[in-house]
1. Enter the accessible area per residue of the chain (Å², integer; probe 1.4 Å; all protein chains in place).
2. Which FRET efficiency, nearest 0.05, do residue 21 and residue 51 yield, Cβ-Cβ r, R0 30 Å?
3. Looking only at region 2-79, where both bridge partners belong to it, what percent of the DSSP beta bridges are antiparallel (to the nearest 5)?
4. Let me check against my output: what whole-number percent is the relative contact order of the chain, with C-alpha pairs under 8 Å and at least 6 apart?
5. Where a Cα-Cα gap under 17 Å defines reach, which aspartates and glutamates qualify for residue 109, not counting those fewer than 8 residues away within the same chain?
6. Can you match Kirkwood radius over Cα pairs in Å to one of these, (i) 16.5; (ii) 15.6; (iii) 21.7, based on a calculation from the structure here?
7. What number, rounded to the nearest 500 deg cm²/dmol, is the helix-based mean residue ellipticity at 222 nm of the chain, given -39500 (n - 2.57) per DSSP H run of at least four residues and division by all its residues?
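The values are calculated or read from the model by the stated rules, or taken from the named source; none is laboratory data. What you are looking at is a predicted structure, and each value in this text was computed from that prediction instead of being measured. Note that each Cβ is placed from the backbone with ideal geometry, even for glycine, and that neighbours are counted across all protein chains shown. Just the protein is used for accessible areas: all its heavy atoms, side chains included, with ligands, DNA and RNA removed. Shrake-Rupley method; radii C 1.70, N 1.55, O 1.52, S 1.80 Å.
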Amino acid sequence: MKQIRKKNKWAKKAYKKRHSLSSLKANPFAGSSHAKGIVTERLGIEAKQPNSAIRKCVRVQLIKNGKKITAFVPSDGCLNFIDENDEVLIAGFGRSGHSVGDIPGVRFKVVKVAGVSLKALWMGKKEKPRT
């Protein structure tokens, strides 16, 4: 009875997604909530219809596995604090692996730049360290 139950669990989609190792391989963070990376380029991504805007994003190469991802830079003017070759901390965007809102294909956001919170830089409470 126990073996049958164990075997039949794998028929359920949610169980299979949670427990298979392929989900960890597909996720650039490999199961963790945040990851550090190096900024390779800064770019603007056009919003989907019916909105008309250029959303500021950065291309980041992760340190842990070398994968390249696109991350959104939140708040107005925060792209000015990020330069190429800066070390940034990336987090998920809030929909567990899905893109958010009108930004196509962007699943992550920038949280810290050079060890300093992006929000603190934006509010003027801290300065970016000179290196």
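1. Values: 9040 Å² over 131 residues.
With the other protein chains kept in place, the chain gives 69 Å² per residue.
2. Efficiency at R0 = 30 Å is approximately 0.20.
3. On the way: 14 of 14 bridges.
Roughly 100 percent of the beta bridges in region 2-79 run antiparallel, per DSSP.
4. Numbers: 217 pairs, mean separation 25.8, N = 131.
Once divided by the residue count of the chain, the mean separation gives 20 percent.
5. List returned: 41, 46, 76, 83, 84, 86, 87.
6. Only one listed value fits the structure, namely (i).
7. Numbers: 4 runs with 26 residues, N = 131.
Result for the chain: -4500 deg cm²/dmol, rounded to the nearest 500.
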